[in-house]
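Presented below is the structure to which this report refers.
The values are calculated or read from the model by the stated rules, or taken from the named source; none is laboratory data. As the structure is a computational prediction, the values presented were derived from the model and not from experiment. Here the Cβ positions follow ideal geometry from the backbone for every residue, glycine too, while neighbour counts run over all protein chains shown. Quick note on the areas: whole protein, heavy atoms, side chains included, nothing else; ligands and nucleic acids left out. Shrake-Rupley method; radii C 1.70, N 1.55, O 1.52, S 1.80 Å.
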Amino acid sequence: MNAKTIKYIVKRILLAIFTVWVVITVTFFIMHAVPGGPFTSEKAVSPAVQKAMEAKYGLDKPLFVQYTTYLTDVLQFKFGPSLKQRGRMVIDIIADGMKTSIKLGLIAAFLALIIGVVLGAFAALRRNTVLDRVIMVITTAFVSMPSFIMGSLLLILFAIKTHVFPANGSTAAGLVLPVITLMLYPMSYITRLTRSSMLDVLGQDYIRTAKAKGVSGGRIIFGHALKNALIPVITYFGPMLAYIVTGSLVVEQIFAVQGIGRSYVSSITNRDYTMIMGTTIVLATLIVVMNLVSDILYKVVDPRITLE
Amino acid sequence: MEATQETEKTALSAADFEPAGQEEKAYMVKMRPQTTAFQDGMRRLRKNKVAMVSFIIIVLITIAALVIPIFWPYQYESMLGMTPGKPVDPSFQNLSPFSYSTTEQARIAAGEKVFPHIFGTDASGRDYFIRVVYGTRISLAVGFFASLIVLVIGLLVGSVSGYVGGKVDLMIMRIVDIIYSLPDMLMVILLATVLKTAIGDSLEGTVLARIGSNIISLFIVFALLYWVSMARLVRGQILSLREQEYVLAAKAAGARGGWVIRRHLIPNCVSVIVISTALQIPNAIFTESYLSFLGLGVNAPMPSLGSLASDALNGINSYPYRLVIPALVISLIVLSLNLFGDGLRDAFDPKLNG
């Protein structure tokens, strides 16, 4: 790693920290823009109770004081109690949901990566054959299908019409359909990405050199071509996580998975503001960190790449 | 003919020292008539069967969404079988495709012609076909206008950043960097949730109330967040085009600023901008349907494809076709727009293969 790479990494980390700060700040001020403040409930409350509530949550203090206390709280993962689920802390609800969601997301990401790379490499090596065409048509269709539609169609086909898998995602077998739903889009994307970068690499001079030297076909594909073709796939790690996070919001809804996405969506419909704030910050930080990691990894793996 | 032969024989005549006429001048600047770029692209586009089929599908869907509601005998918000002062006729609710309610059957028996409910009716007795058509109209309109907003803001900020350069450019680009690294979907959900309550009341009684606070907040969200890639693109285009050799050549040949901008910068920029706007439309439709699915989309009773799909999820066991229909329409629209956008890109800008 040369000085330039290190400088890039430092700059990138600073940008990430700044982004997280922006997210936290934006969340705070947006929530304060809600008419009547986040603690107004539908039920009529007497002015005395309202005052006491505001005092309890520090809402009677000046905005800037509120902001600084909020900021220090967030840094310690203190998001306060949920407004709608009595007696539960936001962070506990998030941690609870994360257990399922992380499992779901990791399996989906892993499968998408493996299947996508294999399909993409196959399509590139068998370019312009029927196999290549079929792979490209299918992946194009999947990329154009919103996750909630994919999920609903899978639900109809495999749970309601044929009962192959349970419709409810609370059991292990029930996780099969949610995983497939989450996986198909990133898988298709990775397939297309791998195919085009593989085609690019196969046209390079060093592949011709290897062939001329008499290196075996398998060694060229795995040792030379695939290794280099996979580098662009690294850049997709960040967007893939972002997709899986937003996808899980609807997928967990469709299959009734008890994950963070489901509790986030129900907090939106319930107007559970502390939950919305907490979950947004946690998920946003996760995505920003993943983007950071994939950018740095990309730079370290291939020092030829010069990013601005 | 004779004249030229004569000039060849004799050395030079006085006519050769006449100042060049307009025609001759135009002949000199003939820079491969600028029709080539466009016509070339159109020719390539026409050859691309996938893109042309997608284009025809988009046009057909758009025309259908615009025209069908004009003459269709049912309205998207009217609940059939509900006449004020009379008991609700439940036989209108949840009709399966091409079936009729009891009153309608009586009318048919009496020899009257009743327009069929092609996709049946929903739980409130609303004709589902017209709801799908109307939902398509809403989704297309949202996609189109959201992309327009993105185009205008991105074009403005990007070109200012590119032209002015220096500190202004640096500052704008830092802001772009930050907005770009924000997790967009989460921010969209957050903004849509809050804007719905924040601007919902202030819209009462205005024209905008018909569109609904959710759609307005969707547009605001697009205006706030999605312009960044367009701004980046425009800025990059302007920066690189300014330094192109042909611009230098034109300048060296005495072309003025206006000429360079009109003849060189704009024609070369337009294709890239149009293409990325075209590719933005399916993105916006995607986002709208996603938000509608989460209950943050259009206000009831107005349908959008996303909200129709979301509503259908409740009765998925008995009426799966109600989900399949809007799902297919969304997928078809997004797929054709994507394929057509790709075709445009291949035809007009082979360099841009991102």
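What nm distance separates the two modelled labels at A:HIS32 and B:PHE38, each placed 7 Å from Cα along Cα→Cβ?
5.3
Along the Cα→Cβ direction, 7 angstrom out, place labels at A:ILE17 and B:LEU224. What is the inter-label distance in nm?
Once both label points are built, they end up 2.6 nm from each other.
What dipole magnitude, in Debye to the nearest 20, does the stretch A:104-256 give about its Cα centre under +1 on Lys/Arg Cβ and -1 on Asp/Glu Cβ?
Magnitude of the dipole: close to 620 debye.
Would you kindly find the accessible area of B:LEU45, with a 1.4 Å probe and non-protein molecules such as ligands, DNA and RNA excluded, rounding to the nearest 10 Å²?
About 10 Å², rounded to the nearest 10.
So if I place +1 on the C-beta of Lys and Arg and -1 on the C-beta of Asp and Glu, and nothing else carries charge, what would the dipole magnitude of the protein assembly as shown be about its Cα centre? I want it in debye, nearest 20.
1420
Ignoring ligands, DNA and RNA, how do B:MET230, B:MET79, A:MET98 rank by accessible area with a 1.4 Å probe, largest first?
If we order B:MET230, B:MET79, A:MET98 from most to least accessible, we get B:MET79, A:MET98, B:MET230.
Tell me the Kirkwood radius of the stretch B:71-191: reciprocal of the mean inverse pair distance over distinct alpha-carbon atoms, in Å.
When all Cα pairs of the stretch B:71-191 are included, the Kirkwood radius is 18.9 Å.
Classify the stretch A:62-220 as rounded, prolate or oblate, taking a ≥ b ≥ c as the square roots of the eigenvalues of its Cα gyration tensor: rounded when a/c is under 1.5, otherwise prolate if a/b is larger than b/c and oblate if not.
Oblate is the answer for the stretch A:62-220, as a/c is 1.5 or above yet b/c matches or exceeds a/b.
What are the radius of gyration and Dmax of the stretch A:126-272, computed over its Cα atoms and given in Å?
Cα-based Rg and Dmax for the stretch A:126-272 come out at 19.8, 67 Å.
Compute from the Cα atoms of the stretch A:237-308 the Rg and the Dmax, the latter being the longest Cα-Cα distance, and quote both in angstrom.
15.7, 50
Using θ = phi - 60° and the Karplus relation 6.51 cos²θ - 1.76 cosθ + 1.60, list the HN-Hα couplings for the stretch B:325-334 in order, rounded to whole Hz, with x at every Gly or Pro.
Using θ = phi - 60°, the values come out as 4, x, 4, 5, 5, 4, 4, 5, 5, 5 Hz.
Sum -39500 (n - 2.57) across every DSSP H segment of at least 4 residues in the protein assembly as shown, then divide by the residue count to get the 222 nm mean residue ellipticity, nearest 500.
My calculation for the protein assembly as shown gives -22500 deg cm²/dmol from helical runs alone.
Let me know the charge dipole size of the stretch B:209-354 about its Cα centre in debye, to the nearest 20, where only the beta-carbon of Lys, Arg (+1) and Asp, Glu (-1) is charged.
Once rounded to the nearest 20, the dipole reads 580 debye.
Over the stretch B:234-306, what lengths in whole Å, largest first, do the semi-axes of the equivalent ellipsoid take, defined as the square roots of 5 times the eigenvalues of the alpha-carbon gyration tensor?
The equivalent ellipsoid of the stretch B:234-306 has semi-axes of 44, 10, 8 Å.
How large is the direction-averaged shadow of the alpha-carbon convex hull of the protein assembly as shown, in nm²?
45.8
Relative to the compact globular guide of 2.2 N^0.38 Å, what is the alpha carbon radius of gyration of the stretch B:300-339, as a ratio?
Ratio of Rg to 2.2 N^0.38 Å for the stretch B:300-339: 1.24.
Near the amide H of A:MET89, under 5 Å away, which other amide H atoms are found, from residues 5 or more places off or on another chain, if H is placed in the peptide plane?
A:SER82
For chain A, treating each Cα as an identical point scatterer without solvent, what Debye log10 I(q)/I(0) comes out at q = 0.14 1/Å?
Here the Debye-derived log intensity ratios amount to -1.13.
How large is the accessible surface of B:ILE175 in square angstrom, using a 1.4 angstrom probe and rounding to the nearest 10?
90
Using a 1.4 angstrom probe on the protein heavy atoms only, line up B:MET302, B:MET52, B:MET171 by accessible area, largest first.
Final ranking, largest accessible area leading: B:MET171, B:MET52, B:MET302.
Mind checking the stretch B:108-191 for trypsin sites (Lys or Arg not before Pro) that DSSP puts in a loop (not H, G, I, E or B) and that have at most 16 other Cβ atoms within 10 Å?
Qualifying residues, ordered by number: B:LYS113.
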